[in-house]
Amino acid sequence: MLIREQHVKRRYYERFQVEDVINFFSGQLLQAKSSDGAQVFLQSIKINRRPLPAGYQEALKKLQHPHLAPILDILEEEDQLILVHPPFSGDPLPLLVNRERAMEPEYAIQIADMLFKTLTDLDRLPLKMGAALDPKNILLNGDNPVLLFYYIKDEQTSALDDKWRELLYYLLTGQAPSDSLKQCEKQLEAKQVPPKFKKLALQCLDSKVSFDEVRRAIADMSAANRQAHAGFRSDAKQRKRRRIYTTVSVFAAFLVLVAIAVSQWKPLDSSASGDPFGFFRPQEEEKKDKFSSDELIQSVSFSNEKRSYTLPYILQGASTVRGEIMLEKLNGFIGLLETKDKQSAYGLEIDNQGRLTLFQKAGNRKFEFGNSGTVYRIKPGKKYTFELHYFPGEPLRISINEQGQVEKWMAVGTSPIHSELFFRFYGREGATLFYPQLNAISDRKAVEDAWMNGQPWQLDFGQGILTVDDQQKNRLKVTPRTQVRVALTASASLTLIPPADGDRLHMDLQAIDGSRYRLVWKKSNRLFLYRFKDSLEKVKEQEIDWSLKDNEPVQVSVTSVFNELQIKLTHGSKTAEIKYVSDEPISLRDVTLRNPKGFELLQENQQEKGRN
């Protein structure tokens, strides 16, 4: 455990400022900041033997394993190692695989093969390591599994954690095995698992079969499946079978853990929250208050007796759903995109105070991951236009604005979606849904440009308010924990208003060759430029000899010429500049902005842009 008695001195407290303890199913990480402002996560590994082999630290730091969290640094203390991780991404396996949603067999074999090979790789390190193949210890980042916690193996015994025996069975059935092999076989048959996969899952559970025998059998079957199915690309027949669709993170390597966001969500018990529309009820109960589907939809009026409506469309490809809503009184309204089996859904809720909440539904649990709070609220008796943009494999994008007003609330989720989806609405007396229409997206750029009023900004995740001021200039005010991606063509001249509290600016830069940089404008009025290599390395520091008052804009210019990176801040006639010369050419690919306190982007003045 990372939390110990206060009298025990821990070296990591000298280097890192601990901000939070993130509890997972299988352990905990400390969320912390280094002295230079970089966000990291700390994992403790108990030292169960001495001496430790020479060179183990370098071997671990150089370990770039696709199924292990990257390691920036290692601190050796009296009784534990502290692994310093950059933030990484993924969704906890138990949220994706359960009794109602088992994995497709070929995909389960692929995942198991990766993880079994990872255990073998850990065993080959100078400091032999192990990990539990417990579903609670596994994240999924797209098709890529990641082991969260591992341990130093005891050389006195070569025994492995027996959780590896249960992994394949769990992936195929969504549940842990019982003590009886016969009962396990019945469960596999009930899930309609094909014979060859069922046989291998039962072999895994047989104590007479060794780890190496199972590992080889899984590897052989995985290779055969890849050859037979061309890398698991399903044809039309295969798509009819039930499959778990995992998420693909859009976060860069140093952004906030998706898994942490999931673990920090508070499950909302349906009875505690009132579950006003009953979308956690069994399906047979729900049919009572549905409207009949009509291909020509003009409007739908909800009542206390008729509270739900399902659009007669299925979201299959890139699509936009656009419509209008009006609530005579704030008694709740929900728009829900859900999978056919109704075990997973993503939705937007308007509560009885007019606040907008983004949420995800998994099984019978509901998780919130965004709330408009006081930033934006729906008013009773006003008509609002909503737009939802769905791109398969990406988070949902949604916007809503009052008719006749320029202010638009917009948000992007954190969990990408792979599935055919149905759109349902829930409302009560006084709620009216106008003209909901679904249209395929043929020109993505045109849709994205229109959504952001033609500005070179893109929400990666989070929420913001897009508006037009008295000078007809667009302004995007983003909330805390939101990331904005700036088009590379606009990064040479962008205008923003930093927050009044805390650091002024956090900017992440990624080059085409994969090299990464971070600019931090600290509250102390100093600029720091870092480069991500094996660890976070400060490469430049510059003092700013002028001050910026609250709510005043500043221009930021990011340019790279051959091997020189230049970042310039301009406030009126005052400037500050930081330059870095690399040994290699620098060709930028991505520029992203974020700040724990939020910030505001302003449309660039064309005359000023021309002068720059």
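The values are calculated or read from the model by the stated rules, or taken from the named source; none is laboratory data. Nothing here was measured: the structure is a model prediction, and the numbers come from that model. Heads up, the Cβs are rebuilt from the backbone with ideal geometry, glycines too, and the neighbour counts pull from every protein chain shown. Heads up: the accessible areas ignore ligands, DNA and RNA and are worked out on the full protein's heavy atoms, side chains in. Shrake-Rupley method; radii C 1.70, N 1.55, O 1.52, S 1.80 Å.
Can you confirm whether GLN43 is of a type outside the set (Val, Ile, Thr), at pLDDT 70 or above and closer than 25 Å to ARG518 by Cα?
So GLN43 passes the test.
Failed condition for TYR435, given (1) open to solvent by less than 40 Å² (accessible area, probe 1.4 Å); (2) at positive phi; (3) assigned by the TED database to the domain that holds ILE314, with all others met?
The number of the failed condition is (1).
Can you list the strands (runs of 3 or more DSSP E) lying wholly within the range 448-505 that have 3 or more residues being farther than 27 Å from ARG322 by Cα?
Filter on the range 448-505 gives 494-497.
Identify the residue in the range 402-418 that is part of a loop (DSSP other than H, G, I, E, B) and surrounded by fewer than 20 Cβ atoms within 10 Å (Cβ to Cβ) and, among all such residues, is modelled with the lowest pLDDT.
The residue in question is HIS418.
Scan the range 17-40 residue by residue and report those that are part of a strand (DSSP E or B) and at pLDDT 70 or above.
Listed by number, the residues that qualify are GLN17, VAL18, GLU19, LEU29, LEU30, GLN31, ALA32, LYS33, SER34, GLN39, VAL40.
Could you give every pair whose Cβ atoms fall below 7 Å, whose first residue belongs to the range 507-523 and is open to solvent by less than 10 Å² (accessible area, probe 1.4 Å), and whose second residue is polar (S, T, N, Q), counting only separations of at least 6 or pairs across chains?
Matching pairs, first to second residue: ASP508/THR592; ALA511/SER587.
Give, as residue ranges, the strands (runs of 3 or more DSSP E) completely inside the range 267-357 that count at least 1 residues that are at pLDDT below 85, in contact with an Asp or Glu (Cβ under 8 Å, 6 or more places away or on another chain) and on the phi < 0 side of the Ramachandran plot. Outline the logic, then answer.
Working: elements: 299-301, 308-315, 319-327, 333-339, 344-350.
In the range 267-357, the matching strands (runs of 3 or more DSSP E) lie at 308-315, 333-339, 344-350.
Might you check whether a residue that is farther than 23 Å from LEU496 by Cβ, at pLDDT below 95 and touching a helix residue (DSSP H, G or I) at 6+ places or on another chain (Cβ under 9 Å) occurs anywhere in the range 432-454?
Yes; the residues of the range 432-454 include at least one that is farther than 23 Å from LEU496 by Cβ, at pLDDT below 95 and touching a helix residue (DSSP H, G or I) at 6+ places or on another chain (Cβ under 9 Å).
Residue by residue through the range 71-90, note down the ones that are in contact (Cβ under 8 Å) with a residue 60 or more places away in the chain, open to solvent by 10 Å² or more (accessible area, probe 1.4 Å) and not in a loop (DSSP other than H, G, I, E, B).
ASP73
If you check LYS549 against the conditions, is it without any contact (Cβ under 8 Å) to a residue 12 or more places away in the chain and either of a type outside the set (Gly, Ala, Ser) or in contact with a strand residue (DSSP E or B) (Cβ under 6 Å, 6 or more places away or on another chain) (or both)? Lay out the reasoning, then the answer.
Numbers: without any contact (Cβ under 8 Å) to a residue 12 or more places away in the chain: yes; either of a type outside the set (Gly, Ala, Ser) or in contact with a strand residue (DSSP E or B) (Cβ under 6 Å, 6 or more places away or on another chain) (or both): yes.
The answer is yes for LYS549.
Among LYS208, LYS198, which is the only one that is crowded, with 20+ Cβ neighbours inside 10 Å and more than 30 Å from the chain's Cα centre (by Cα)? So that I can check it myself, show each step before the final result.
Numbers: LYS208 fails: crowded, with 20+ Cβ neighbours inside 10 Å.
Testing whether each residue is crowded, with 20+ Cβ neighbours inside 10 Å and more than 30 Å from the chain's Cα centre (by Cα) leaves just LYS198.
What are the pairs with Cβ atoms under 6 angstrom where one residue, in the range 164-177, is over 12 Å from ILE111 (Cα atoms) and touching a residue at least 24 places away in the same chain (Cβ under 8 Å) and the other, located anywhere, is open to solvent by less than 30 Å² (accessible area, probe 1.4 Å) and among the hydroxyl-bearing types (Ser, Thr, Tyr)? Sequence gap at least six, or different chains.
PRO177/TYR169
Taking ARG365, is it within 28 Å of VAL478 (Cα to Cα), in contact (Cβ under 8 Å) with a residue 12 or more places away in the chain and basic (Lys, Arg)?
Details: within 28 Å of VAL478 (Cα to Cα): no; in contact (Cβ under 8 Å) with a residue 12 or more places away in the chain: yes; basic (Lys, Arg): yes.
When the stated conditions are applied, ARG365 does not pass them.
SER399: open to solvent by less than 30 Å² (accessible area, probe 1.4 Å), touching a strand residue (DSSP E or B) at 6+ places or on another chain (Cβ under 8 Å) and more than 30 Å from GLU104 (Cβ to Cβ), yes or no?
yes
Would you say ARG594 is open to solvent by less than 60 Å² (accessible area, probe 1.4 Å), modelled with pLDDT under 90 and either more than 22 Å from ARG485 (Cβ to Cβ) or of a type in the set (Lys, Arg) (or both)?
Judged against the criteria, ARG594 is a match.
Could you list all residues from the range 469-486 that are open to solvent by 40 Å² or more (accessible area, probe 1.4 Å) and at pLDDT 85 or above?
Residues satisfying the conditions are ASP470, GLN471, GLN472, LYS473, ARG475, LYS477, PRO480, ARG485.
Mind checking whether some residue in the range 394-411 is touching a residue at least 40 places away in the same chain (Cβ under 8 Å) and in contact with a Pro (Cβ under 8 Å, 6 or more places away or on another chain)? Give the derivation first.
Pass one, the range 394-411, residues touching a residue at least 40 places away in the same chain (Cβ under 8 Å): 394-400, 403, 406-411.
Retained after the next criterion (residues that are in contact with a Pro (Cβ under 8 Å, 6 or more places away or on another chain)): 394-395.
Yes, some residue in the range 394-411 is touching a residue at least 40 places away in the same chain (Cβ under 8 Å) and in contact with a Pro (Cβ under 8 Å, 6 or more places away or on another chain).
Search the range 141-153 for residues that are free of Cβ contacts under 8 Å to residues at least 40 places away in the same chain and pair each with any residue that is open to solvent by 30 Å² or more (accessible area, probe 1.4 Å) when their beta-carbon atoms are under 6 Å apart and the residues are at least 6 apart or on different chains.
LYS153/LYS128
Could you pull out the residue among ALA102, ALA112, ALA131, ALA108 that is in contact with a Cys (Cβ under 9 Å, 6 or more places away or on another chain) and farther than 23 Å from VAL18 by Cβ?
ALA112
Since MET103 meets every condition but one in (1) at pLDDT 85 or above; (2) more than 25 Å from the chain's Cα centre (by Cα), which condition does it not meet?
(2)
Looking only at residues in the range 176-191 that are among the polar types (S, T, N, Q) and surrounded by 12 or more Cβ atoms within 10 Å (Cβ to Cβ), which one is nearest to LEU119 (Cα to Cα)?
My answer is SER178.
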